[in-house]
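Report on one structure; see the data block that follows.
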Amino acid sequence: MNPASTSLAHELRPVILEKRARLQAAAGSVSTEYLTELLAEIDAALHRIDDGSFGLCEACHDTIEADRLKQDPFVRFCLDHLTAEQRRAHEQDLELATRIQSRLLPARDVAARNWVAHYRYQPAGIVGGDYCEMIPSADGLSLFFALGDVTGKGVAASLLMTHLSAIFRSLLTLDLPLRELMRRANRLFCESTPATHYATLVAGVATQAGLELCNAGHCRPLIIRRGAAERVEPAGLPLGLFSQGDYAASRVVLHPGESMVVYSDGITEAQHPNGDAFEEERLLDCLRRHAEADVAAIGDRVLEEVARFRAAGPQQDDMTLLIIRRTGPRP
């Protein structure tokens with residue numbers, strides 16, 4: 001095994017042992033034949049960990065995709081060597097995950113009194129692990145927004161994104177202060193996901209009084225004013241690390257025509273063929289040059305510049321961009 005596979009095997013061994021203990025405890029509720037079959041599968045996985053072959057495809061001996069192993073530590077073949085039946089099942093899972101994720105994403109353009117918001121979401125694969133939310137209040141006077149990035153890629157990451165979305169949509173019905181909303185979301189996410197998973201996230205509320213913002217270890221939001229740009233420093237840990245995590249809320253003052261931009265690191269970490277990253281400074285420069293454009297045009301310009309920078313290179317990570325602009329006067 002390579003170092004990554006060794007680390008993953010070490011991480012998954014207690015998970016496999018727990019599954020074995022649960023299976024033995026439920027022995028009286030399943031047939032002997034089925035029990036024997038599942039125990040053999042578990043013991044085979046443990047044997048692969050012991051002999052160093054865990055995480056290697058039995059057909060080509062290349063590394064099996066890590067996200068698939070985390071989801072199912074008993075897989076024995078990489079995606080290129082699935083049986084026809086396994087491939088069909090995998091394609092059906094991807095299709096379902098894509099449908100679920102597309103229905104969870106908000107409308108691309110959302111407005112509340114004195115505010116407009118626009119987002120762009122570009123997953124690296126069929127589904128992704130970036131989370132984006134824009135929900136205006138029932139009276140149209142305020143707008144909740146969030147942008148996050150969960151650990152992992154592919155279907156496993158999209159399921160975590162779906163879970164995070166369900167947590168926030170449920171908590172928003174309680175009309176909690178932003179700081180308490182983040183505390184509860186963190187606790188629920190921490191208690192209902194594996195200890196190896198977490199999410200960085202920026203969440204906020206735009207009201208007539210201004211922007212209230214919480215940053216849970218995510219990329220720094222960028223404030224775009226006429227001819228100037230500012231960074232808002234993160235002030236909290238990612239969601240899911242500690243169940244008792246605390247989050248501070250800060251105020252951001254925007255005047256009409258000024259915007260805040262929140263993004264995922266798939267943008268700033270996009271790679272040029274020579275290995276250079278796009279980085280925050282290039283993003284800031286793009287935003288300064290197009291500060292007077294409407295929010296949809298800003299989204300277009302950013303993604304166009306990232307694509308030109310990347311040239312013919314592949315997109316390595318999900319890219320999400322959220323632009324919130326003040327349109328009306330401050331009270």
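A short reminder: the numbers here are calculations on the coordinates, not readings from a lab. Keep in mind that this is a model prediction, so the values were computed, not measured. Virtual Cβ from ideal backbone geometry, glycine too; neighbours counted across all protein chains shown.
Remarks
- Result for the chain in a Gaussian network model with C-alpha springs under 10 Å: among Asn186, Asn274, Asn215, the largest mean-square fluctuation is at Asn274.
- Peptides 249-255, 118-124, 64-70 ranked from most to least packed give 118-124, 64-70, 249-255, packing being the mean of other C-beta atoms within 10 angstrom over each peptide's residues.
- Taking other residues whose beta carbon is less than 12 angstrom from the beta carbon of Ala40, and scoring Lys, Arg as +1 and Asp, Glu as -1, yields -3.
- Note on the range 3-81: dipole from Cβ charges, positive end direction compared against Thr36, Leu23, Val75; the farthest Cα belongs to Leu23.
- Only Cα pairs under 8 Å and 6+ residues apart enter the sum, and on that basis the relative contact order of the chain stands at 16 percent.
- Between His81 and Ser137, the distance separating the two model label sites (each 7 Å from Cα on the Cα→Cβ line) works out to 5.8 nm.
- Helix-only [θ]222 nm of the chain, DSSP H runs n ≥ 4, -39500 (n - 2.57) each, per residue, nearest 500: -13500 deg cm²/dmol
- Using R0 = 35 Å, the C-beta based FRET efficiency linking Val253 and Ala195 works out to 0.35.
- Straightening the chain between Arg22 and Arg108 buys 26.5 nm, computed as 0.36 nm per residue apart minus the Cα-Cα spacing.
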